[in-house]
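Trainee: Handing you this structure, nothing more for now.
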Number of protein chains: 2
Amino acid sequence: MTELTLIRQIRTQAARQRSKSLALGIGDDCAILYPPAGHELLVTTDFSLEDRHFRRAWHTPESVGHRCLARGLSDLAAMGAQPLAAFLSLAVPAECMHATRTRPAWVERFSNGLLALAEKHKTPLAGGDTAQAPGPQALADLLLLGSAPRGRSLRRGRARPGDLLYVTGALGGAAAELAALAAHPRRFARLHDDAPGHPHLFPQPRLAVGQALRQQKLATACIDLSDGLSTDLAHLCEESHVAAEVDAQALPLHPLTAGHADALHLALHGGEDYELLFTAPAATKVPARIAGVPVTPIGRILRLRRGGPAASLISANGLRTPLHPAGWEHFSKSGK
Amino acid sequence: MTELTLIRQIRTQAARQRSKSLALGIGDDCAILYPPAGHELLVTTDFSLEDRHFRRAWHTPESVGHRCLARGLSDLAAMGAQPLAAFLSLAVPAECMHATRTRPAWVERFSNGLLALAEKHKTPLAGGDTAQAPGPQALADLLLLGSAPRGRSLRRGRARPGDLLYVTGALGGAAAELAALAAHPRRFARLHDDAPGHPHLFPQPRLAVGQALRQQKLATACIDLSDGLSTDLAHLCEESHVAAEVDAQALPLHPLTAGHADALHLALHGGEDYELLFTAPAATKVPARIAGVPVTPIGRILRLRRGGPAASLISANGLRTPLHPAGWEHFSKSGK
């Protein structure tokens, strides 16, 4: 498969998707989009680098494609936005373009994974660039455009002292599954489809929850959990100029953390859960489920004190310890 | 320099630039943009890969940064758009982040080159992603957003038989300078600034020309010359379902092609001139200069005949030969 056939193939796969916001897709100097009237435009980009964000020996190509897009969709979810279009820049070593009579090329399976998630969230693939990678590693840069009514996007910097702190879904599952994948990659070699219960291989961006939080004016601030609760909470506190405390006992542990001696550690620092962390005034009645996803209160926002920690953890026996950001640096700690 | 300092530094450099369309730059889950009311949104992405689009041994870091952005700005120019914002995803080997007491880091000089061109065209750097490259090569993915009044963007596919074919500036200069650079890289080692007369190292995207063509309704179709006249003309013909003929004698050769036995070849197939190729009805009075840039008629659009070539070249003695797309594949032919 040459670069041109690769582009044509992705274009054909992408053409299945239609959107009224996409006036002109792949094929001119630029793609043309019509954002909804009265909306502001949201933009997020994410690099996915082989051996840092994924490994071809561990992750199925479908999982890599899914994860590339999930990261950006989760950023849009955190702002309460709806996706408009995705743009993929993909550089792969030559062997990734080779198909055999019985096995499709790596890139084809990668696109299948990416486009399956795109279709699920009505996100047309509107363009991008492809190239042979200069080195032996594959890499993808994914750009996502989204929109939300002007001035209404959820932001990180608007949490106020007295707000309660909530998290969607369960925590630590992605880190637990990554540990299992690292130990026994072959067990996961057949996971081609966006199957439920695979928080690392097929994370589910919380777009419907984010949109509901925005529409129902429930959240004061919101961020997605990509780097880990401790790190992302630190970002939220820093941007909002507040402190926070988290009740260790309240954290919703993912079932995959069962049996892990360090389940709490995975939930606090594991990262890549792609759940939403948000704040709401104590007087706001936040439902226990939003868009079918469980929502759990896990702590509260406090006034920032000079010299005090931005975030604290309160353990079962009432002991308070500083909660330092110790987010998972993807493979820098786990893989190599 | 760690990745975080790299991000902070680019953020600080980028913060110098302000734009009324950019509501929120680097620092939340997404950047927020306000495209002008009644405008459509244009999006283009370009990968710049070391050893394919640039070489650290040949190009100064400032030139690499400039060229990364120039490619996308030229795409916007071809559609008559104005830039809204740029997003940079940058992956570099560790040594590119090292500064010494006397020498700034490669990435700092790269950003300087990119931001100087961004400032010239009032394009804020609104976000992006940075990472250490998995291999020894640097690479950048640059995304550009632009806008134009809804339905008024210039397109490739609207040339009609009878239209005349025009080109801006001069041709072959980028290929001629690349040949000189490959032969004597040291001679170019001090080219840090966006100096005029360096079509390969510091190409000048024709944004003002593209906007004038759109505003004055001069052009029926437009494309930028990134792959070379023969290849980009083929794209324009294909998308417009027309044929074209080019008068070899009419081609405006760049002064740097002087002394090259194959000057015509460089002008036809050299690529990376980032000039505009456009069509206008024969009755339209196209000025000899637009926004200070010379504009030259070089041929005409014909009806597409079954079995005939899409493009032909008419030489000085009136001989007509098929003009096949033979665009420069960047370094695949020239450099290695």
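The values are calculated or read from the model by the stated rules, or taken from the named source; none is laboratory data. If you're wondering where the values come from, they're calculated on a predicted model, not measured in any experiment. All Cβ positions, even for glycine, are placed from backbone atoms using ideal geometry, and neighbour counts span all protein chains on display.
Trainee: Among A:Ala244, A:Ala248, which is at pLDDT 95 or above and surrounded by fewer than 20 Cβ atoms within 10 Å (Cβ to Cβ)?
Mentor: Numbers: A:Ala244 fails: surrounded by fewer than 20 Cβ atoms within 10 Å (Cβ to Cβ).
Selected residue: A:Ala248, the only one of A:Ala244, A:Ala248 that is at pLDDT 95 or above and surrounded by fewer than 20 Cβ atoms within 10 Å (Cβ to Cβ).
Trainee: Would you please list the contacts, defined by Cβ atoms under 6 Å and residues six or more apart or on different chains, that run from a residue in segment B:123-137 that is more than 7 Å from every other protein chain (Cβ to nearest Cβ) to a residue that is β-branched (Val, Ile, Thr)?
Mentor: So the pair list comes out as B:Thr130/B:Ile7; B:Ala133/B:Val92.
Rundown of residues vs (1) surrounded by fewer than 22 Cβ atoms within 10 Å (Cβ to Cβ); (2) in contact with a helix residue (DSSP H, G or I) (Cβ under 9 Å, 6 or more places away or on another chain); (3) of a type in the set (Val, Ile, Thr), yes/no style:
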residue	(1), (2), (3)
A:Ala261	yes, no, no
A:Gly270	no, yes, no
A:Asp273	no, yes, no
A:Leu277	no, yes, no
A:Thr284	yes, no, yes
A:Pro294	yes, no, no
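Trainee: Please go through (1) crowded, with 19+ Cβ neighbours inside 10 Å; (2) modelled with pLDDT of 90 or more; (3) under 22 Å from the mean Cα position of the chain (by Cα) for B:Ala126 and return the number of the only condition it doesn't satisfy.
Mentor: Among (1) crowded, with 19+ Cβ neighbours inside 10 Å; (2) modelled with pLDDT of 90 or more; (3) under 22 Å from the mean Cα position of the chain (by Cα), the lone unmet condition for B:Ala126 is (2).
Trainee: Continuing with this model, one more query. Scan segment B:24-67 residue by residue and report those that are in a loop (DSSP other than H, G, I, E, B) and of a type in the set (S, T, N, Q).
Mentor: To start, the set of residues in segment B:24-67 that are in a loop (DSSP other than H, G, I, E, B) comprises B:25, B:27, B:29-30, B:34-38, B:51-53, B:55-60.
The answer is B:Thr60, and nothing else.
Trainee: List the number of the failed condition for B:Arg160; all other conditions in (1) under 30 Å from B:Ala244 (Cα atoms); (2) of a type outside the set (Gly, Ala, Ser); (3) at pLDDT below 95 hold.
Mentor: Every listed condition holds for B:Arg160 apart from (3).
Trainee: Further, regarding this structure: Please work out which one of (1) surrounded by 24 or more Cβ atoms within 10 Å (Cβ to Cβ); (2) away from chain A (no Cβ under 14 Å); (3) in a helix (DSSP H, G or I) is the condition B:Ala77 fails and give its number.
Mentor: Exception for B:Ala77: condition (2).
Trainee: In segment A:182-205, what residues are over 24 Å from A:Arg52 (Cβ atoms) and either over 18 Å from the mean Cα position of the chain (by Cα) or basic (Lys, Arg) (or both)?
Mentor: Within segment A:182-205, just A:Arg190 meets the criteria.
Trainee: Could you check segment A:148-204 and list, in sequence order, the residues that are of a type in the set (A, V, I, L, M), in a loop (DSSP other than H, G, I, E, B) and touching a residue at least 60 places away in the same chain (Cβ under 8 Å)? Steps first, answer last, please.
Mentor: Kept after step one, since they are of a type in the set (A, V, I, L, M), are these residues of segment A:148-204: A:148, A:154, A:159, A:164-165, A:167, A:170-171, A:174-176, A:178-183, A:189, A:191, A:195, A:201.
Then drop every residue that is not in a loop (DSSP other than H, G, I, E, B), which leaves A:154, A:159, A:170, A:189, A:191, A:195, A:201.
Within segment A:148-204, A:Leu154, A:Ala159, A:Ala170, A:Ala189, A:Leu191, A:Leu201 qualify.
Trainee: Within segment A:84-102, is there a residue that is free of Cβ contacts under 8 Å to residues at least 40 places away in the same chain, within 14 Å of chain B (Cβ to nearest Cβ), over 17 Å from the mean Cα position of the chain (by Cα) and under 28 Å from A:Arg186 (Cα atoms)?
Mentor: Narrowing segment A:84-102 to residues free of Cβ contacts under 8 Å to residues at least 40 places away in the same chain: A:94-95, A:100-102.
Filter again for within 14 Å of chain B (Cβ to nearest Cβ), leaving A:94.
Next, from what is left, pick out any that are over 17 Å from the mean Cα position of the chain (by Cα): A:94.
From what's left, under 28 Å from A:Arg186 (Cα atoms): A:94.
For segment A:84-102, residues free of Cβ contacts under 8 Å to residues at least 40 places away in the same chain, within 14 Å of chain B (Cβ to nearest Cβ), over 17 Å from the mean Cα position of the chain (by Cα) and under 28 Å from A:Arg186 (Cα atoms): present.
Trainee: Need the failing condition index for B:Arg52 against (1) within 13 Å of B:Ala140 (Cα to Cα); (2) touching a residue at least 60 places away in the same chain (Cβ under 8 Å); (3) more than 7 Å from chain A (Cβ to nearest Cβ); (4) not aromatic (Phe, Trp, Tyr), just the number.
Mentor: Evaluating B:Arg52 over (1) within 13 Å of B:Ala140 (Cα to Cα); (2) touching a residue at least 60 places away in the same chain (Cβ under 8 Å); (3) more than 7 Å from chain A (Cβ to nearest Cβ); (4) not aromatic (Phe, Trp, Tyr) leaves (3) as the failure.
Trainee: Residues A:Ala175, A:Ala212, A:Ala170, A:Ala140: which one is farther than 24 Å from A:Leu256 by Cβ, away from chain B (no Cβ under 14 Å) and within 19 Å of the chain's Cα centre (by Cα)?
Mentor: Working: A:Ala175 fails: farther than 24 Å from A:Leu256 by Cβ; A:Ala170 fails: farther than 24 Å from A:Leu256 by Cβ; A:Ala140 fails: away from chain B (no Cβ under 14 Å).
The unique qualifying residue is A:Ala212.
Trainee: Can we say A:Ser312 is touching a His at 6+ places or on another chain (Cβ under 8 Å), modelled with pLDDT of 95 or more, small (Gly, Ala, Ser) and not in a loop (DSSP other than H, G, I, E, B)?
Mentor: Numbers: touching a His at 6+ places or on another chain (Cβ under 8 Å): no; modelled with pLDDT of 95 or more: yes; small (Gly, Ala, Ser): yes; not in a loop (DSSP other than H, G, I, E, B): yes.
Answer is no for this residue.
Trainee: For the list (1) under 22 Å from B:Asp51 (Cα atoms); (2) of a type in the set (Gly, Ala, Ser); (3) under 22 Å from the mean Cα position of the chain (by Cα); (4) more than 8 Å from chain B (Cβ to nearest Cβ), I need the number of the one condition that A:Ala118 fails.
Mentor: (1)
Trainee: Just to be sure, is A:Leu143 closer than 19 Å to A:Ser74 by Cα and modelled with pLDDT of 90 or more? Walk me through it before giving the result.
Mentor: On the way: closer than 19 Å to A:Ser74 by Cα: yes; modelled with pLDDT of 90 or more: yes.
Answer is yes for this residue.
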